[in-house]
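One structure is given here, and the rest of the page talks about it.
The values are calculated or read from the model by the stated rules, or taken from the named source; none is laboratory data. In this text, all values refer to a predicted model and were calculated from it rather than measured experimentally. Using ideal geometry, Cβ is built from the backbone for each residue, glycine included, and neighbour counts are taken over all protein chains shown.
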Amino acid sequence: MKQKRQIGILLVLILAAALVWAWNFRSKAVTADAGTSLQEPATIIEVENPHIRMEQIERARSAEYKGSGRNPFSPAATPVAVAKPVKGEKKIEDYGPKLPPPPPPPPPCILPANVKFYGYASVNGAARHAFFYDGDDVHIVGEGDVLLKRFRITRIGNANLEFEEITRGCTGTAPLEEQAGPQP
């Protein structure tokens with residue numbers, strides 16, 4: 001009984017879909033109205049005088065490029081021409097608060113002079129460890145560890161080391177110094 005009911009509902013839905021489809025195509029009749037477009041005259045593109053203007057072509061050919069002197073492949077900005085004051089022109093005064101000059105940039109982030117990065121190693125392809133020589137002391141520090149309670153090692157490369165000074169938050173690099181290791 002349940003299967004006969006499902007088949008009956010399916011047939012009713014198919015019949016409804018067929019009626020909607022037929023009604024949709026019946027209501028959209030295509031008509032062509034070509035009568036009005038044939039009665040209007042075709043508009044022709046109007047050109048004043050279609051001859052070749054040789055004088056304009058020669059003027060364009062003989063023009064010389066006078067550049068600003070800026071190299072388009074250089075990141076340097078174009079030098080700004082300073083405008084000369086014209087006689088009789090009033091000078092515009094700057095009213096309002098004077099802003100203080102910007103502070104000087106912070107000093108670069110470097111390791112102390114007695115600390116030298118002289119090598120690195122990795123164990124079974126794991127994280128690298130850097131070797132530092134500090135007078136008589138040798139420090140072995142991995143990536144993410146802290147050196148001398150001041151410098152966090154961020155990346156150990158083949159030729160240099162990147163670090164961050166914890167107190168100031170500045171970053172810096174130290175080159176690999178092959179002759180800086182402890183002498184036997």
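General observations
- Candidates 60, 34, 42: the one that is modelled with pLDDT of 75 or more and either surrounded by 10 or more Cβ atoms within 10 Å (Cβ to Cβ) or on the phi < 0 side of the Ramachandran plot (or both) is 60.
- Qualifying positions in the range 110-129 - assigned to a loop (DSSP other than H, G, I, E, B) and in contact with a strand residue (DSSP E or B) (Cβ under 7 Å, 6 or more places away or on another chain): 110, 111, 114, 127
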